[in-house]
Amino acid sequence: MKNDAIRNDAIRNEAIAVVGWISLVQGGLGAGGQIFGDKAWGLLQKWWDIPTAGYLVLALAGIALAAWGETAKKRARA
């Protein structure tokens, strides 16, 4: 029972980290494209019209989630 809980925590931490990294990349690409190019880069611009501030918030949320997931994975290994 305890091993199942540990395995579930590891899967959850990995999923949080992956979502964080994807959010960071999409937010960075969107903001970078709007700031340095003529339109947003990445996948989200194909479905939604997000302002630059929205992409920056998405990138910041991605940083927070990636950091949380990565530190939780390191704590679990220790």
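Residue 15 label point, 7 Å along Cα→Cβ, cut-off 13 Å on backbone N: hits in the range 57-78?
Flagged as within label range: none.
I want to check the label-to-label distance for residue 73 and residue 39. Put each point 7 Å from Cα in the C-beta direction and report it in nm to one decimal.
Each label point is offset 7 Å from its Cα along the Cβ direction, giving 3.4 nm.
Can you find, among 64, 23, 51, the residue sitting farthest towards the positive end of the charge dipole of the chain, where Lys and Arg contribute +1 and Asp and Glu -1 at Cβ?
64
Nearest 20 debye, what's the magnitude of the dipole of the chain about its Cα centre given +1 on Lys and Arg Cβ and -1 on Asp and Glu Cβ? Let's see the in-between values first.
On the way: 9 positive and 6 negative charges, 76 e Å.
Charge dipole, the chain, about its Cα centre: 360 debye, nearest 20.
Please report the net charge: other residues with Cβ closer than 12 Å to the Cβ of residue 30, K and R +1, D and E -1.
Values: positive: 39, 46; negative: 49.
Local net charge: +1.
Can you tell me the order of 34-43, 56-65 when each peptide is scored by its average per-residue count of other Cβ atoms within 10 angstrom, highest first? Please report the intermediate quantities before stating the final value.
Working: 34-43: 13.4, 56-65: 17.0.
Averaged packing, sorted descending, gives the order 56-65, 34-43.
First obtain the Kirkwood hydrodynamic radius of the chain from its Cα pairs, then insert it into the Stokes-Einstein equation at 37 °C and 0.692 mPa s, and state the resulting D in µm² per second as a whole number.
Values: Rh = 13.4 Å.
So the translational diffusion coefficient is about 245 µm²/s.
Taking only protein heavy atoms and a 1.4 Å probe, what accessible area per residue, in Å², does the range 8-78 have with all protein chains in place? Don't skip to the answer; put the middle values down first.
Working: 4750 Å² over 71 residues.
Computed with neighbouring chains in place, this is 67 Å² per residue.
The values are calculated or read from the model by the stated rules, or taken from the named source; none is laboratory data. Note that the coordinates shown come from a computational prediction; the quantities given were computed from them, not determined experimentally. Counting neighbours? That spans all protein chains shown, and the Cβs are built from the backbone with ideal geometry, glycine included. Areas reflect the complete protein model, heavy atoms only, side chains present, ligands, DNA and RNA absent. Shrake-Rupley method; radii C 1.70, N 1.55, O 1.52, S 1.80 Å.
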